[in-house]
Amino acid sequence: MSPAWWSWVASRDSLTSRLISAGTGRTFRVRLLGQGLGKPRADEAHALRLPLDRLAWLREVALCLDERPWVVARSVAPLAHLRGQRLERLGERSLGSWLFRQPDLERSPIEVTATPAPFHPLAGPWGRRSVFRHGRFAVLVQEFFLDTMTDELGLPSR
Ligand SMILES: C=C(O[C@@H]1C=C(C(=O)O)C=C[C@H]1O)C(=O)O
């Protein structure tokens, strides 16, 4: 991986904040692609150490700058761990801006993939995922960087 991409892919602070800074002058927006209850995919359940038949709250978004998607993300929060968090009320507000306000937030190591997002048609160089926990609440956040971001920031292809 190029150093330029490494600084994006390995970053452990809020991607929302980083995108807003990098997008100088462009308008940031979370576009909600879908949310609701459903069964996680097998690899998602595995990452969360969740039995396969359990329901989770699923949320898919595109993180856009000037309406162009730079990152697509899919988040999976096991229902049993939701603990009254009203995540469906987030709407088009960033999950990250809520998560990073939680004082006891923990983040697992970040796993990286070069395979494209299994939930979205747009291509890109890298994807990553990690699990955030605060208290008993857990959410798997999967983020895929898109070719639009590569082009607009003049980043190397990988
Ligand atoms: C986890 C973060 O939140 C971002 C916002 C998301 C959302 O609103 O659904 C999803 C993934 C993230 O890229 C972050 O800012 O780091």
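Can you tell me how many residues in segment 90-109 are over 12 Å from His134 (Cβ atoms) and more than 12 Å from the ligand (Cβ to nearest atom)? The number of residues fulfilling the criteria is 2. Put simply, of Pro78, Pro69, Pro118, Pro109 the only residue that is surrounded by 14 or more Cβ atoms within 10 Å (Cβ to Cβ), of a type outside the set (A, V, I, L, M, F, W, C) and closer than 23 Å to Arg158 by Cα is Pro69.
Filtering Phe100, Phe119 for residues that are over 28 Å from Pro3 (Cβ atoms) and of a type in the set (Phe, Trp, Tyr) leaves a single hit, Phe119. For Val112, state whether it is under 13 Å from the mean Cα position of the chain (by Cα), more than 21 Å from Ala56 (Cβ to Cβ) and assigned to a strand (DSSP E or B). So Val112 passes the test. Looking only at residues in segment 40-55 that are in contact with a strand residue (DSSP E or B) (Cβ under 7 Å, 6 or more places away or on another chain) and of a type outside the set (A, V, I, L, M), the one that is nearest to Arg89 (Cα to Cα) is Pro40. Considering segment 88-106, and only residues there that are closer than 20 Å to Glu44 by Cα and under 14 Å from the mean Cα position of the chain (by Cα), the residue that is surrounded by the fewest Cβ atoms within 10 Å (Cβ to Cβ) turns out to be Leu99. Among the residues of segment 148-155, at least one is outside any helix (DSSP H, G or I), in contact with a Ser or Thr (Cβ under 8 Å, 6 or more places away or on another chain), surrounded by 15 or more Cβ atoms within 10 Å (Cβ to Cβ) and of a type in the set (A, V, I, L, M, F, W, C).
Every condition in (1) surrounded by fewer than 11 Cβ atoms within 10 Å (Cβ to Cβ); (2) at pLDDT below 95; (3) within 25 Å of Thr148 (Cβ to Cβ); (4) not hydroxyl-bearing (Ser, Thr, Tyr) is met by Gln35 except one, and the failing one is (1). Taken across segment 79-94, residues that are on the phi > 0 side of the Ramachandran plot and either touching a Lys or Arg at 6+ places or on another chain (Cβ under 6 Å) or in contact (Cβ under 8 Å) with a residue 60 or more places away in the chain (or both) do occur, with at least one present.
Checking each residue in segment 62-81 for being more than 21 Å from Trp126 (Cα to Cα) and away from the ligand (no atom under 15 Å from the Cβ) picks out Asp66, Pro78, Leu79, Ala80, His81. Set side by side, the residues Arg31, Arg59 differ, and just one is within 12 Å of the ligand (Cβ to nearest atom), closer than 30 Å to Gly154 by Cα, free of Cβ contacts under 8 Å to residues at least 40 places away in the same chain and of a type outside the set (A, V, I, L, M, F, W, C), which is Arg59.
The values are calculated or read from the model by the stated rules, or taken from the named source; none is laboratory data. These numbers were taken from a predicted model, which means no experiment stands behind them. All Cβ positions, glycine included, derive from the backbone under ideal geometry; neighbour counts span all protein chains shown.
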